1. Place a +1 charge on the Cβ of each Lys and Arg in the chain and a -1 charge on the Cβ of each Asp and Glu, then give the dipole magnitude about the Cα centre in debye, rounded to the nearest 20.
2. Can you list the lysines whose alpha carbon sits under 16 Å from that of K115, skipping same-chain ones fewer than 8 residues off?
3. Can you give the FRET efficiency for N88 and L58, using 1/(1 + (r/R0)^6), R0 = 30 Å, r = Cβ-Cβ distance, to the nearest 0.05?
4. Per residue of the range 35-40, what does 6.51 cos²θ - 1.76 cosθ + 1.60 with θ = phi - 60° give for ³J(HN,Hα)? Whole Hz please, x for Gly and Pro, Karplus curve as stated.
5. Nearest 0.05, what FRET efficiency do T70 and F35 give at R0 = 22 Å with Cβ-Cβ as r?
6. For K32, give me every one of the lysines with a C-alpha distance below 30 angstrom, ignoring sequence neighbours fewer than eight places off in its own chain.
7. When log10 I(q)/I(0) by the Debye sum over Cα atoms at q = 0.13 Å⁻¹ is calculated directly from the model, which label among (1) -0.55; (2) -0.46; (3) -0.66 fits?
8. Based on DSSP H runs of at least 4 residues, each adding -39500 (n - 2.57), what is the mean residue ellipticity at 222 nm of the chain after dividing by all its residues, to the nearest 500 deg cm²/dmol?
Amino acid sequence: MPLQILRWYALVSFGVFLGVQGLKHLSINSPKWVFNHLNDFLLIPLVATFALHVVWFLKKDPCIRLNAFTIFSLVLLFSVVFEWYLPNQSYRYTADSYDLLAYSLGGVVFFLLQKVD
């Protein structure tokens, strides 16, 4: 089974994501960065891991890896949608440059983890 470290990272990340959402739902106070940036950091590796599994399924080749351009495109897509487009459409969303950093760092983490076999 390829990329076991990445799979464990994605599983733990999903658990952390659910934990943060639970804290928000229960209105439990937490450091500001947890509510504002942690899920943004976890998002790219989660989405990219899911996308990689879809590519494996479609191509029937578990040796395929996402290249840097594909990961950068994913970071750019989420940055444009969540930090530019949606804040212009709804008061519920706010643009934040630290979120761009979180998306980018998440992309770097995914890129490095998929290189480890």
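1. Here the size comes out at about 240 debye.
2. Partners within reach: none.
3. 0.30
4. For the range 35-40, the Karplus curve yields 6, 8, 10, 4, 5, 5 Hz.
5. 0.15
6. Here the lysines satisfying the reach criterion relative to K32 are K24.
7. Here the calculated entry is (1).
8. Rounded to the nearest 500, it is -22500 deg cm²/dmol.
Quick note: the coordinates plus some simple rules give every number you see, no bench work behind them. Note that this is a predicted model, so its numbers are computed, not measured. Glycine gets a Cβ as well: all are built from the backbone with ideal geometry, and neighbour counts include every protein chain shown.
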